[in-house]
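K.L.:
Got a structure for you, questions after.
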């Protein structure tokens with residue numbers, strides 16, 4: 001199945017390359033960032049290697065990430081997209097294998113590509129699925145290993161949001177793993193500083209705030225808490241701080257409770273959900289953690305809840321509401337419910353876990369070979 005998926009995505013990339021059609025707007029930015037490094041051009045200004053159909057998009061990742069993207073410079077844009085598209089199915093497979101009983105796994109992997117976060121990630125040429133698989137392997141598969149933590153540190157050095165999983169390691173008592181994660185993050189960041197000092201200073205002092213997307217924070221595609229407030233209570237800074245504090249406290253409590261109950265999978269999902277909620281921007285394609293969430297529900301025999309989650313995350317809810325141009329601020333109640341569906345689903349799931357989970361419960365995934 002993985003070979004078929006790789007062949008299909010590879011074939012699309014080659015065909016689009018031969019036809020000269022645009023493909024993978026985000027992977028095009030990754031490639032342009034890598035070329036900027038090789039050419040000695042400023043990384044956080046206009047990227048000269050961007051094609052016209054991606055013109056004006058900024059590079060928002062770390063200097064270390066740009067260094068990792070330099071091999072893409074050797075490929076045409078469409079084949080650069082293929083690198084991330086071909087990696088999508090193996091990333092989904094690795095993630096689901098750690099969360100589900102093996103029976104029916106190929107079908108689940110195929111079905112995952114019907115979910116908006118997954119097909120958007122593939123279409124855009126995004127790195128979300130790869131980073132998620134790295135975190136899952138680090139937290140669940142390598143638990144107890146002397147190598148655990150390094151993956152999270154490197155993932156965070158590419159895209160800062162995975163830093164929340166360092167906190168997850170600390171909350172679950174894995175201090176040595178958290179230390180290795182911070183060491184890997186610091187090492188990769190210092191490498192970026194050594195190779196790209198000017199870009200590193202620019203990133204950590206200004207580019208990190210991502211002003212390019214500030215005006216888009218209220219767009220329906222942003223399913224974070226700040227996105228919700230930008231649509232409903234613009235300028236309410238107090239609500240941002242209060243919401244982040246409450247979600248953070250609830251996450252700490254839930255993760256500790258699930259960890260003590262032996263449910264490491266549920267604890268990881270709670271931490272991932274917290275990251276999506278409290279991040280200033282969580283585009284719909286960032287919500288790839290719905291894939292292991294569905295596997296988790298199926299393994300715990302919550303079949304109808306898993307199906308409902310899958311249906312919700314196909315993308316129809318955010319597609320049927322008015323979006324763009326500030327129209328989100330004129331939503332009625334029904335439109336607000338649909339337009340904030342991903343965020344509300346995450347908050348609702350967290351509330352259910354807090355209320356229902358019993359400290360005596362045990363994870364049904366303990367027999368899967370996951371430490």
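The values are calculated or read from the model by the stated rules, or taken from the named source; none is laboratory data. Fair warning: this is a prediction, and the values are worked out from it, not measured in the lab. Here Cβ is always computed from backbone atoms with ideal geometry, including for glycine, and neighbour counts include all displayed protein chains.
K.L.:
Can you tell me which residue among 282, 271 is crowded, with 22+ Cβ neighbours inside 10 Å, in contact with a strand residue (DSSP E or B) (Cβ under 7 Å, 6 or more places away or on another chain) and modelled with pLDDT of 95 or more? Show your work before the answer.
P.N.:
Numbers: 271 fails: in contact with a strand residue (DSSP E or B) (Cβ under 7 Å, 6 or more places away or on another chain).
Step by step, each of 282, 271 is checked, and only 282 is crowded, with 22+ Cβ neighbours inside 10 Å, in contact with a strand residue (DSSP E or B) (Cβ under 7 Å, 6 or more places away or on another chain) and modelled with pLDDT of 95 or more.
K.L.:
Does segment 153-168 hold any residues that are over 20 Å from residue 66 (Cβ atoms) and surrounded by 24 or more Cβ atoms within 10 Å (Cβ to Cβ), and which are they? Spell out how you get there, then give the answer.
P.N.:
Looking only at segment 153-168, we keep the residues that are over 20 Å from residue 66 (Cβ atoms), and these are 164-168.
Listed by number, the residues that qualify are 165, 168.
K.L.:
Residues that are exposed (fewer than 13 other Cβ atoms within 10 Å of the Cβ): which helices (runs of 4 or more DSSP H) entirely in segment 315-356 hold 3 or more of them?
P.N.:
Correct list: 341-356.
K.L.:
Still on this structure, please answer the following. The conditions are (1) closer than 23 Å to residue 26 by Cα; (2) over 17 Å from the mean Cα position of the chain (by Cα), and residue 317 fails exactly one of them. Which is it?
P.N.:
Failing condition for residue 317: (1).
K.L.:
Ok, one more. Given the criteria at pLDDT 95 or above, within 17 Å of the chain's Cα centre (by Cα) and either surrounded by 22 or more Cβ atoms within 10 Å (Cβ to Cβ) or more than 24 Å from residue 226 (Cβ to Cβ) (or both), does residue 311 qualify?
P.N.:
no
K.L.:
Which of the residues that make up segment 290-304 are touching a residue at least 60 places away in the same chain (Cβ under 8 Å) and buried (at least 22 other Cβ atoms within 10 Å of the Cβ)?
P.N.:
Correct list: 290, 291, 292, 294, 295, 296.
K.L.:
Could I ask something else about it? Going through 153, 179, 173, 187 one at a time, which residue ends up being part of a loop (DSSP other than H, G, I, E, B) and either out of contact with any strand residue (DSSP E or B) (no Cβ under 7 Å at 6 or more places or on another chain) or under 16 Å from residue 62 (Cβ atoms) (or both)? I'd like the intermediate steps shown before the answer.
P.N.:
Numbers: 153 fails: part of a loop (DSSP other than H, G, I, E, B); 179 fails: part of a loop (DSSP other than H, G, I, E, B); 187 fails: part of a loop (DSSP other than H, G, I, E, B).
The match here is 173.
K.L.:
Let me ask another. List the number of the failed condition for residue 288; all other conditions in (1) assigned to a helix (DSSP H, G or I); (2) at pLDDT 95 or above hold.
P.N.:
The one condition residue 288 does not meet is (1).
K.L.:
Only one residue in 120, 102, 126 is outside any helix (DSSP H, G or I) and under 19 Å from residue 27 (Cα atoms). Which one? Don't jump to the end; show me each part of the working.
P.N.:
Details: 120 fails: outside any helix (DSSP H, G or I); 102 fails: under 19 Å from residue 27 (Cα atoms).
Exactly one residue qualifies, and that residue is 126.
K.L.:
Residue by residue through segment 205-262, note down the ones that are outside any helix (DSSP H, G or I) and farther than 20 Å from residue 282 by Cα. Don't jump to the end; show me each part of the working.
P.N.:
Narrowing segment 205-262 to residues outside any helix (DSSP H, G or I): 206, 210, 217-224, 233-236, 261-262.
Of everything in segment 205-262, those that are outside any helix (DSSP H, G or I) and farther than 20 Å from residue 282 by Cα turn out to be 261, 262.
K.L.:
Would you check which residues across segment 3-15 are within 21 Å of residue 93 (Cα to Cα) and surrounded by fewer than 14 Cβ atoms within 10 Å (Cβ to Cβ) and list them?
P.N.:
Of everything in segment 3-15, those that are within 21 Å of residue 93 (Cα to Cα) and surrounded by fewer than 14 Cβ atoms within 10 Å (Cβ to Cβ) turn out to be 3, 4, 7, 8, 11.
K.L.:
May I pose another question? Just checking, how many residues over segment 135-150 are in a loop (DSSP other than H, G, I, E, B) and crowded, with 20+ Cβ neighbours inside 10 Å?
P.N.:
Counting residues in segment 135-150 that are in a loop (DSSP other than H, G, I, E, B) and crowded, with 20+ Cβ neighbours inside 10 Å gives 2.
K.L.:
Does segment 147-168 contain any residue that is over 27 Å from residue 191 (Cβ atoms), in contact with a helix residue (DSSP H, G or I) (Cβ under 8 Å, 6 or more places away or on another chain) and at pLDDT 95 or above? Reasoning before the result, please.
P.N.:
Step one: of segment 147-168, the residues over 27 Å from residue 191 (Cβ atoms) are none.
Looking through segment 147-168, none of the residues is over 27 Å from residue 191 (Cβ atoms), in contact with a helix residue (DSSP H, G or I) (Cβ under 8 Å, 6 or more places away or on another chain) and at pLDDT 95 or above.
K.L.:
For a quick check of your reading: which helices (runs of 4 or more DSSP H) sit entirely within segment 1-80 and have at least 3 residues that are modelled with pLDDT of 95 or more and in contact with a strand residue (DSSP E or B) (Cβ under 6 Å, 6 or more places away or on another chain)? Steps first, please.
P.N.:
Working: elements: 2-19, 25-39, 63-68.
Hits in segment 1-80: none.
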